[in-house]
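The values are calculated or read from the model by the stated rules, or taken from the named source; none is laboratory data. These numbers come from a predicted model, not from an experiment. Reconstructed Cβ throughout: ideal geometry from the backbone, glycine too, with neighbour counts over all protein chains shown. Each accessible area value is taken on the protein alone, full model and side chains, heavy atoms only, with ligands, DNA and RNA left out. Shrake-Rupley method; radii C 1.70, N 1.55, O 1.52, S 1.80 Å.
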Amino acid sequence: MKRWLKWTLGTVVGLTVLVSATLLALPNLARHFGGNWLKENTGRTLTLGDLSLNVLTWKLVVENLAVSEPNSEERFAGLGRLEVQVSPKSIFEKALIVTKFDLVAPYAQVIKEGDVFNFSDFAASDKPKEAPPEKPEEPGEPFLFSLNNLRVVNGEALYVERKEGAETQRHTLKRLNLAVPFIGNVPYLLDQYVTPALSLVLNDAPIRGEGQLKLFTEAVEAAVDLRLSDVDIPFYLKLVPTPLPVQVRSGKLGSDLQLVYRATAEKAPELEVGGKVRLSAIDVAEPSGADLVKLPQVNIDLATSKVLENQVLLNGVYIYSPEITLDRNSAGELNFARLGQPAATSEGEKAAEPEPRPAEGKATAEKSAPFLATVKTLLVKNGSLAFRDAVPEGGFQRDISALDLTVSDFSTAPESRAVYDLSLQTDREERLKVDGALVLEPLAVATTVDLSGLSLKEYHPYLSLFLNYPLAGTAAARAGLDFREGVLKVADAALDVQNLQVPFGGEEELKLAHLKVDGVQFDDARQQLEIGRVELAEGAVVLSMDRDGRVSPLNLLRETEPPPQKLEQMPVAAALAEAKPPLSYRVGEIAAQGVRIAFTDRMPKTPVRHVLSRLELSVKNLAGPDAVTSPFRLKSGYGKTGKLDLSGDLVAATGKLNLHSRLKGIAL
């Protein structure tokens, strides 16, 4: 064997032995030098189960690596196994090509004590800062890489914040699993979508995500499927730096969303969001702790929406069994309005506040796209509302249940027409049904209202401002309302009151078994009021007139202080009066039957009592202010044996009366 061949063979064998010995000693070397450096510089302990590097297969394996907290046995970070396989093709492709990257059971914890993190010791360095380069370097060729078969299996992390030794926040991440088939910037990968898959449990809430990414091209595109389950809303609201105007006592969030992001140099970024959102067990209270809103279940079906263009499209919003508390205090402030009120400030604090300065620059002149919200279906099912009002004397309260609302095709776009249907009932068996159509811009409303079972006595707290005595009876009403271009029209309105009782003080009162008003029409623009028929049946009226000529029904009205200025003298009222014609009215017929009237006249020294019994009345075509002839007839008994029969016609506008009378059996 030639000498040079012997030397070459010996050198190769020697290098092989040296490299093999080095690789065999690599774990011990890493433990020794790495452990010593960590111990001396950070006070941390390094433990390493095994470390192997195969230069023939280009494979690195690390097992059971752990780093402790400074001067403690508590684990700071670590991993169960790391396996990296590099392809020899990297040499020929002039790119880093990793064919396998497995990270099993990684762990890390971050602890913040005041303003110091538990990894701050790694950031400390005595190395002087490098001076910035005088001239910016020209960008060189990008580093090419291709990472394939990336996996993170069963990862864990912990984040803790402490202030003065007390724990203020704790977040846990468990069961982190990430799989990425490939990612890289080598030319043959640029136009291919990366399809990562991610799953984890964050603070006991499962999260899943899948997507498609194209990151290393001029047109960046990312599509992500985001699945959340039972995310604790109050837990994360604690992280909001500004205080909320409400207390969120409970609530869970879930979602199955699809997000697509696109960005190019030529166009503004686009973000499309669609999918489903679920809210459950929502409990919101006032800062005082008073109930505000409870939402046991809310489902939102979000159509693909371009949110960066102020566009939100909802296929459906479904709210089941909501509970709402509406409260008005003695100052007339609703609880929802009070939430946005700023805290009271002193005059000195107000003076110290800087005046707002207008925004400068080109951006202020640019207007963003108008906000467009569309809801194809809004459903509220089996809702309830507790209403409390401290404004009227004695207060008022109502508990509303069986609240159902359906809204279809709602949109903020101009001239978009929505259809709605609302029904509810109260704890007093009152029922309300409202349905119709709505256009937001320009504002137009066409609706039908149907109300039944209304107890008049229950609403005396509001009427007590005008009436001294409570009315009694059960009312039902219906009306068709149309409002557009600032004009209100009422069509086919009706009122039906059963067992009406109107007290005048003492034993004097009006009682009617039935009061009906039908065929009511009103046009605000034309100032026209039409009433088809007014019917009074089966009742009695007891009234009197005192020595001053005051009739007792006036006792019902509460005397109020006169306004500081007459209505017609007020500028706004005067302008409205000039813009509208005087009110014209017409009543088709006023009919009464089976009514008894007892009237006592106390103006004479000896009071005189008049009694009309079995009264029947008919007045037709009563109108004004035009002079219209209205025929009438009145028949009744008078006293014990007398009878009245009056007929003729009258003109309400002028007071003209043409009377024909027949009297019988009246004692003079």
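TYR462: crowded, with 16+ Cβ neighbours inside 10 Å, out of contact with any Cys (no Cβ under 7 Å at 6 or more places or on another chain), aromatic (Phe, Trp, Tyr) and in contact (Cβ under 8 Å) with a residue 60 or more places away in the chain, yes or no? So TYR462 does not fit the description; no.
Regarding VAL391, is this residue touching a residue at least 40 places away in the same chain (Cβ under 8 Å), open to solvent by less than 60 Å² (accessible area, probe 1.4 Å), of a type outside the set (S, T, N, Q) and more than 30 Å from VAL375 (Cα to Cα)?
no
From the list ARG31, ARG44, the one residue that fits, being modelled with pLDDT under 80 and among the basic types (Lys, Arg), is ARG31. Of the strands (runs of 3 or more DSSP E) lying entirely inside region 164-238, those containing at least 2 residues that are of a type in the set (S, T, N, Q), modelled with pLDDT under 90 and surrounded by fewer than 16 Cβ atoms within 10 Å (Cβ to Cβ) are 166-184.
In region 45-75, how many are charged (D, E, K, R) and within 21 Å of LEU103 (Cβ to Cβ)?
Our first condition is that a residue be charged (D, E, K, R); within region 45-75, this holds for 50, 59, 63, 69, 73-75.
Subsequent filtering for residues that are within 21 Å of LEU103 (Cβ to Cβ) retains 50, 59, 63, 75.
Result for region 45-75: 4.
Looking at region 315-325, can you tell me whether even one residue there is at pLDDT 90 or above, more than 16 Å from the chain's Cα centre (by Cα) and more than 30 Å from ALA390 (Cα to Cα)? Taking every residue of region 315-325 in turn, at least one turns out to be at pLDDT 90 or above, more than 16 Å from the chain's Cα centre (by Cα) and more than 30 Å from ALA390 (Cα to Cα).
Applying the selection to region 69-81, what residues are part of a strand (DSSP E or B) and surrounded by 17 or more Cβ atoms within 10 Å (Cβ to Cβ)? Break it down stepwise before answering.
Keep residues of region 69-81 that are part of a strand (DSSP E or B), which gives 75-81.
Selection gives PHE76, ALA77, GLY78, LEU79, GLY80, ARG81.
When only residues in region 586-613 that are more than 59 Å from the chain's Cα centre (by Cα) and part of a strand (DSSP E or B) count, which is surrounded by the most Cβ atoms within 10 Å (Cβ to Cβ)? Working first, answer last.
Kept after step one, since they are more than 59 Å from the chain's Cα centre (by Cα), are these residues of region 586-613: 600-613.
If we keep only those that are part of a strand (DSSP E or B) too, we end up with 600-601, 608-613.
Working: THR600: 16, ASP601: 16, VAL608: 11, ARG609: 11, HIS610: 11, VAL611: 16, LEU612: 19, SER613: 17.
Out of the qualifying residues, it is LEU612.
All conditions but one from (1) surrounded by 15 or more Cβ atoms within 10 Å (Cβ to Cβ); (2) farther than 24 Å from ASP496 by Cα; (3) of a type outside the set (Ser, Thr, Tyr) apply to LEU443; the one that does not is (1).
Could you run through region 112-131 and say how many residues are among the aliphatic types (A, V, I, L, M) and either modelled with pLDDT of 90 or more or assigned to a loop (DSSP other than H, G, I, E, B) (or both)?
To start, the set of residues in region 112-131 that are among the aliphatic types (A, V, I, L, M) comprises 116, 123-124, 131.
Still in the list and also either modelled with pLDDT of 90 or more or assigned to a loop (DSSP other than H, G, I, E, B) (or both): 124, 131.
Final tally of qualifying residues: 2.
Once region 266-286 is narrowed to residues that are of a type in the set (Lys, Arg) and surrounded by 15 or more Cβ atoms within 10 Å (Cβ to Cβ), the residue that is farthest from ILE324 (Cα to Cα) is LYS276.
Looking at region 509-547 only, could you name the residues that are assigned to a loop (DSSP other than H, G, I, E, B) and among the basic types (Lys, Arg)? Write out each step before concluding.
So in region 509-547, the residues assigned to a loop (DSSP other than H, G, I, E, B) come out as 524-527, 546-547.
Within region 509-547, ARG526, ARG547 meet the criteria.
For region 633-652, the count of residues that are touching a Pro at 6+ places or on another chain (Cβ under 6 Å), touching a residue at least 12 places away in the same chain (Cβ under 8 Å), surrounded by 13 or more Cβ atoms within 10 Å (Cβ to Cβ) and of a type outside the set (Phe, Trp, Tyr) is at least one. Applying the condition of being open to solvent by less than 40 Å² (accessible area, probe 1.4 Å) and touching a residue at least 40 places away in the same chain (Cβ under 8 Å) to region 82-104 and asking which residue is nearest to THR47 (Cα to Cα) yields LEU103.
Considered as a group, the residues in region 511-522 that are in contact (Cβ under 8 Å) with a residue 24 or more places away in the chain and open to solvent by 40 Å² or more (accessible area, probe 1.4 Å) include one that is nearest to ARG596 (Cα to Cα), and that residue is LYS511.
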